[in-house]
């Protein structure tokens, strides 16, 4: 029997305030549920703007506790209501003054399974993340969900193959990579790096980028183009629009994972005994 999972990704524009943005996402979650989605990922810092374009302490107010904050609780309710695994990226406050760029993972019965904290943080014009976040300190967890083993990597992380490999070594079958990235800079890498992670590690990747220009916060023009790809690096269905909000729902045949790994023996042929310089450098 084929093991198929119906996955959903949402690329969305900031609606101007937190509650309206959350309400918009709730509507899309319900749309995904009506299409039979079993697992869905939202975009980086989904309930607000990408405020890291500027450095201003007022934006610390976007942070919430995890899992005790209101947004995590809401996502648990939605997951249980729709029998859907949800990955919800939020701005986490661990304690006063200590914040992380975090993705919450919730199982289909509403159970909080855990969280991933973004490991690699950019600090360049338009992406002042070290002003807002500490680097993640939870490693590369893989979550055993109702639909399979799920890992998360966030935005700038995608430029670092080491964490992508760790997720594969930890057993990930689907890795979600929510992002907020703008035209120019690394746009030409968007369809290269993440398909390469899928190929090198033999898993599915579902990656999201928001859309629109958040003029209050800076000139960044987010280019969307969210997609799923399989362990061969092939797109599953069409890549999403580079301008418009879009919900994409795709069927992922997880049996392909074993088929690809049996053919491309990248795990068998690794030489970790010779990679010690990576950690020492």
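The values are calculated or read from the model by the stated rules, or taken from the named source; none is laboratory data. Just so we're clear, the structure is a prediction, and the values are computed from it rather than from any experiment. Positions of Cβ are backbone-derived with ideal geometry, glycine not excepted, and every protein chain shown enters the neighbour counts.
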How many residues are surrounded by 19 or more Cβ atoms within 10 Å (Cβ to Cβ), touching a strand residue (DSSP E or B) at 6+ places or on another chain (Cβ under 7 Å) and not in a strand (DSSP E or B) if we restrict to the range 85-128?
2
Please state which one of 184, 139 is touching a helix residue (DSSP H, G or I) at 6+ places or on another chain (Cβ under 9 Å), on the phi > 0 side of the Ramachandran plot and surrounded by fewer than 18 Cβ atoms within 10 Å (Cβ to Cβ).
139
More than 21 Å from residue 248 (Cβ to Cβ) and buried (at least 24 other Cβ atoms within 10 Å of the Cβ): does that describe residue 164?
yes
I'd like to know if the range 4-25 contains one or more residues that are surrounded by fewer than 17 Cβ atoms within 10 Å (Cβ to Cβ), over 14 Å from residue 108 (Cα atoms), in contact with a helix residue (DSSP H, G or I) (Cβ under 7 Å, 6 or more places away or on another chain) and modelled with pLDDT of 95 or more.
no
I need a count of the residues in the range 259-274 that are under 14 Å from residue 165 (Cα atoms) and touching a helix residue (DSSP H, G or I) at 6+ places or on another chain (Cβ under 8 Å).
2
Looking at the range 202-214, can you tell me whether even one residue there is on the phi < 0 side of the Ramachandran plot, in a loop (DSSP other than H, G, I, E, B) and over 17 Å from the mean Cα position of the chain (by Cα)?
yes
Exactly one of (1) in a loop (DSSP other than H, G, I, E, B); (2) more than 16 Å from the chain's Cα centre (by Cα) is unmet by residue 76. Its number?
(1)
Mind listing just one residue for me: the one in the range 144-159 that is in a strand (DSSP E or B) and surrounded by fewer than 20 Cβ atoms within 10 Å (Cβ to Cβ) and, of those, nearest to the chain's Cα centre (by Cα)?
149
Take the residues in the range 226-281 that are exposed (fewer than 13 other Cβ atoms within 10 Å of the Cβ) and in contact with a strand residue (DSSP E or B) (Cβ under 9 Å, 6 or more places away or on another chain); name whichever of them is nearest to residue 211 (Cα to Cα).
244
Scanning the range 241-281 for residues that are in a helix (DSSP H, G or I), in contact (Cβ under 8 Å) with a residue 24 or more places away in the chain and within 24 Å of the chain's Cα centre (by Cα) gives 255, 256, 257, 260, 261
Going through the range 38-73 in order, the residues found to be out of contact with any helix residue (DSSP H, G or I) (no Cβ under 8 Å at 6 or more places or on another chain), in contact (Cβ under 8 Å) with a residue 60 or more places away in the chain and in a loop (DSSP other than H, G, I, E, B) are 38, 43, 49, 50, 54
